[in-house]
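Contents: one structure, followed by commentary.
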């Protein structure tokens, strides 16, 4: 029944070398099991070295004297269901009754954790090493610094990004659960005088079947707390086929609070004596300071406590802060604010100008082709365009900050607590150890809350105003001061032989502002000569990770153009793509890795996945998606099926869509099916399906309606009327999410389920109408047919 | 100015300016934070409440306009969080981030009060102005149908 633990992921191996499982008896009875880390040994603070074995705020559990188990969930909950799914892994391994489990968020707390700041350029110290190196332009930079992003491949327990929470925690959580179970079983063995091998566990109890004895965990806690925790290599684990909780549908642990309006979110936090703040910043990206502001008039308005000009400092941009006794008083006063800013050099930047530059770069796409297409019997070319888009989480950025003297405390809806900590440190000049970060539930993340600029601003305003403040961004602020999904252009050319086989593929990606190319994915490595030139058009418009970075746009470009090539070759698109997948080399290249970076997607894709493995995992799900949508059905004109697949963030997903387009061009997406290979275990089936369904809606929404435009260095759109997203009437009536289990370690779903939907739907639109969508938002293309 | 309001069956007095939106009266002055701020422009529906039983946008409704009308918020929808929609929302596990869901439930409750057995088309029409950024629409539909059966 018990088996060896599957191999650790690379991230977990790194963790394993620096950490050990530890059991601590608790005052008042009970015990705690978790990891201690050696990270503090490298701390710049001597005092941290002395406390090197305190628990870091990673996932860990406490078993109370009454047997009740509290699981501390360190990963921020942003809607990905992590506060439910990660504790399920511990509960499964420990054979806990799920209803006996209590789950609480852990904070970054100088009293209980050991943040270990490090010089730039060194690797993060893992849990406890909160100050991951600032490679992303983090602290202290003027203007809007990028987030201080922890190394996504390392164990970074208080960050949720890159769909890493599940893969980097799965085995570690099983170890914690197995260790707690082991000491409870040992306690029963000693109490009863029977060997451990005769004991089993179920429903929060140890059972000795031979003597028909049963001891609830509660009765064993006192003894268990005195026992040594087994070393990692002495632990035994459940065989995944014996899982009782994992793979079932478990309703989110905070659902009862959500549906009754409890104060879960950052915006809901209050403390005594707090005021409400707003912050007016330069409307021009990369602009300078405040040149004038009527702060004296503003101070006289009803409810206003203070108003002042903030100069750029500590990573916080220049602006005007208004502090009032209510949100509405602050908003109302801001409406009367007359502030002027130094626009700097960017006051003439426009979207139209950027498009012009991109098209000029696209016109030179063939310069690198050489004679690559010389042997092709047929070539086709197409260009694709996608705009900047916003994360637009429904909870606008906000942060409650209380900075007094030598200490700061913040309550933040963040998906990256270490970055929030570093932003507050930079803004206030306080050392990390003087800052406490309470991580609240977040009203959506999508990558936006990896960057905690709002936390630095709140802390600075609190410090300058001399009182606790909740900084509240308006929806307009949230759009304007987002760090956007980069816009981009794809200039593609494909060469086919006389039999319609793809010989040569060129994908010239032109990005504005930056962002990776998303080119290093299928069909590169599948017997195709792939050319992947890229050009970056510089722009002051700030960008950062948006759900499935690069893949979210790259999948659409590549999987649409493959469909175009299939049409050009006279082949069925599914057969065409399956034939290409079958072109994987017979054996993995020496060293186990395919062509450099392949097949990644988002730079964090299946690192090390070679084309052979890619094909092995992809072909079954492509076939399943095709089967579930009823591929090959004859449909009347105006209805069509499309299919697409992509791998990113270590997940493999194929999606197929059925659409109807009326003669006057109205699109209905009737049905989308997803087939996913995300490893051998689905942790929470309900949450997993929900992530897939939501990502499909998000992908549809993003391709269909919104775009961001810029004029005079400023954002044109300002709220959900000019930046429209998908509402219920346009959501597919049916979204199926299917899972195919493979031998691989489980991975996350929030991101890999998004990229394939846009190309699947656009390919279906082509099948229905003969119209190829090559520009987003989709509303720019007429779908009228006759 | 002092306003005497009827909120969730209780009389509540607040001292605010007349143009203050009910959204902020509820959140900042009455500690009823289940009503959410999403857009401040009446577009997203996160702030949906009931005014005399009809769904309304709290960000577009000033305290002066409310007068003595009966206000119901998510906190007052049921005594113990056991409205059929609240139960169905948990059973179906609708929420992802959960931020929009109080507004979704309040809109759906107004629908069920008028149409106890809504069709998909009824649901789409009534729910058409409530944004779910996480994309839980298929589960919202399912949860409304489930609650309607009770």
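Structure values in brief
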item	result
Bridge type composition, the protein assembly as shown - antiparallel percent by DSSP, nearest 5	75
Exposure proxy ranking, count of Cβ atoms within 10 Å, fewest first, for B:106, A:467	A:467, B:106
Euclidean distance between Cα centres, region A:399-457 to region A:617-693, Å	39
Between region A:727-743 and region A:197-261, the alpha-carbon center distance in angstrom	32
Relative contact order, percent, region A:244-354 [alpha-carbon distance under 8 Å, six or more residues apart]	30
Selected from B:45, B:34, B:98 as most flexible by GNM, with chain B as the system and alpha-carbon contacts under 10 Å	B:98
Amide N of region A:208-243 lying under 11 Å from the label point, which is placed 7 angstrom from the Cα of residue A:192 along Cα→Cβ	A:208-216
Fewest-first ranking of B:145, A:391, using other Cβ atoms within 10 Å as the exposure measure	B:145, A:391
Spin-label model distance (nm) - residue B:19 vs residue A:670, 7 Å beyond Cα toward Cβ	5.1
For region A:373-487, share of DSSP beta bridges that run antiparallel, in % to the nearest 5	65
Estimated distance in nm for a label pair at residue A:779 and residue B:11, the labels positioned 7 Å out from Cα along Cα-to-Cβ	4.8
Amide N proximity, region B:44-64 versus residue B:113 label position 7 Å along Cα-to-Cβ, cut-off under 19 Å	B:45-63
Fully extended contour minus Cα-Cα distance, from residue A:97 to residue A:740, at 0.36 nm per residue	228.7 nm
The protein assembly as shown: proportion of alpha-carbon pairs further apart than 57 angstrom, %	9
Contact order relative to length of region A:174-278, as percent, for alpha carbon pairs under 8 angstrom and 6 or more apart	25
Degrees between helix B:137-149 axis and first principal axis of chain B (Cα, 0 to 90, nearest 10)	90
Full-extension gain in nm, residue A:233 to residue A:202, via 0.36 nm per residue minus C-alpha separation	8.9 nm
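Taken together, the values in this text are just the output of simple stated rules run on the coordinates, not laboratory data. Keep in mind that what you see is a predicted model, and the values were worked out from it rather than measured. With ideal geometry, Cβ positions are generated from the backbone for all residues, glycine too; neighbour counts draw on all protein chains shown.
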